Amino acid sequence: MHPQAPYFHAFNLFNERIGPARFKKIIDHFGSAEYAWKEGSASDFIESGLEEDLSREIVLKRSQMDLGLELKKLEKEDIKILTILDEEYPKLLKQIYSPPYILYIKGSFKPEDEFALAIVGTRRLSMYGKQAAIMIAREISQAGMTIVSGLAQGIDTLAHLAAVENKSRTIAVIGSGIDWQSVFPPGNKRLAQMIIQNGALISEYPPSAAALKHHFPARNRIVSGLALGTLVVEAPEKSGALLTARHALDQNREVFAIPGPIFSETSLGPNNLIKIGAKLVTQTADILDELNLRDLAQNITAKQILPDTKEEAAIIAILSQEPVTIDKIIQETKMDTALTTSTLVLMEMKGKVKNLGGMQYVLAR
């Protein structure tokens, strides 16, 4: 657990009033969550940009809270905390607008989860939707991609089950606490237990948080944020699945859609997405080709390239499948320009990195 994690958790317990935006104000003002928690006065919190009533509430409830006891509650439920300061925090998720500053996890993230596809859709699926979801999810899972979804009944359930049955990675992002009392929907608690055996059950909401209606739109940004792309199987015109697709577009991620009959209400969503530029999917290869992941096994191997020097190790640590400029590499590694350039040239000759042009680099696939 990161040293700051207990204090991230403490602020996250304030009746959902301290979300990513307010928490950023706290960190920007105080420098650390620990210092803010231990030393901040009501006037300090007001000065940071928080509302007066919230500032006074923090100071009052802080004196009444036994933080050690709150942490023991997590331990009893086998819930881990992952903060945005942790190295294990998913790189793709960190790139989105307003990433969650804290995640509660049962199970674990793994490096291969960077190759993930979000699969979402309606709870009221047709037989056609069911067949399509099972086929695509099973084949995506067999190809080695991690499946991300929201544990809801319908398409989400089928997507998670495909990964579980294939003994592949899957991540469920839920809109409630992940303690067993709160897991929503309750009918999928057994599925949640299976998911954590080879994946993760996660939430930005603390234990005991109910599945409130407004949690789910916020949850959807995490579903899309964890993935390279989002596939919409079936969804009416106004649905959470389409909201997830819009988040994916805003996050500059790929959006895929399975076309459906023009007379079906649940085909309106994906059909309209295709009209505005989503990739039409009729087979799994359409997704893998668009993501340049047809041979995913080689991609995952590439992610585990071993460095030959400390300079290579520093560069590999910050590269992924998202392009990074040489200026950013120099800034992050704190290496001089000549050393960075020569190291990158050698790494490209060894097949470890790829120059996409314009001095933008990715890990070689």
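The values are calculated or read from the model by the stated rules, or taken from the named source; none is laboratory data. In this text, all values refer to a predicted model and were calculated from it rather than measured experimentally. Don't worry about glycine lacking a Cβ; one is built from the backbone with ideal geometry, like all the others, and counts go over all protein chains shown.
Tabulated data
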read-out: Qualifying residue in region 34-54 (condition: under 24 Å from the mean Cα position of the chain (by Cα), crowded, with 16+ Cβ neighbours inside 10 Å and polar (S, T, N, Q)); value: no
read-out: From 276, 258, residue being of a type in the set (A, V, I, L, M), in the same structural domain as residue 132 (by TED's automatic domain parsing), within 18 Å of residue 228 (Cα to Cα) and under 28 Å from the mean Cα position of the chain (by Cα); value: 258
read-out: Residue within region 20-37 that is acidic (Asp, Glu), closer than 23 Å to residue 103 by Cα, without any contact (Cβ under 8 Å) to a residue 60 or more places away in the chain and touching a helix residue (DSSP H, G or I) at 6+ places or on another chain (Cβ under 6 Å) present; value: yes
read-out: Condition check for residue 136: in contact with a strand residue (DSSP E or B) (Cβ under 6 Å, 6 or more places away or on another chain) and either under 30 Å from residue 272 (Cβ atoms) or part of a loop (DSSP other than H, G, I, E, B) (or both); value: no
read-out: Region 78-103, residues that are of a type in the set (A, V, I, L, M, F, W, C), in contact with a Pro (Cβ under 9 Å, 6 or more places away or on another chain) and closer than 12 Å to residue 114 by Cα; value: 93
read-out: Matching entry among 149, 141 (being crowded, with 24+ Cβ neighbours inside 10 Å and modelled with pLDDT under 95); value: 141
read-out: Given (1) part of a loop (DSSP other than H, G, I, E, B); (2) at pLDDT 95 or above, number of the condition residue 256 does not satisfy; value: (1)
read-out: Number of the exception - residue 213 against (1) charged (D, E, K, R); (2) farther than 22 Å from residue 130 by Cβ; (3) in contact (Cβ under 8 Å) with a residue 24 or more places away in the chain; value: (3)
read-out: Which listed residue is touching a helix residue (DSSP H, G or I) at 6+ places or on another chain (Cβ under 9 Å), hydrophobic (A, V, I, L, M, F, W, C) and not assigned by TED's automatic domain parsing to the domain that holds residue 256, from 85, 125, 117; value: 85
read-out: Qualifying positions in region 152-202 - closer than 20 Å to residue 76 by Cβ and part of a strand (DSSP E or B); value: 200, 201, 202
read-out: Sole exception among (1) under 18 Å from residue 197 (Cβ atoms); (2) crowded, with 24+ Cβ neighbours inside 10 Å for residue 161, by number; value: (2)
read-out: Among (1) within 30 Å of residue 354 (Cβ to Cβ); (2) in a loop (DSSP other than H, G, I, E, B); (3) free of Cβ contacts under 8 Å to residues at least 12 places away in the same chain, the one test that residue 238 misses; value: (1)
read-out: Residue 290 vs. criteria outside the structural domain of residue 116 (by TED's automatic domain parsing) and among the charged types (D, E, K, R); value: no
read-out: Region 170-221, subset surrounded by fewer than 24 Cβ atoms within 10 Å (Cβ to Cβ) and among the aromatic types (Phe, Trp, Tyr), residue nearest to the chain's Cα centre (by Cα); value: 216
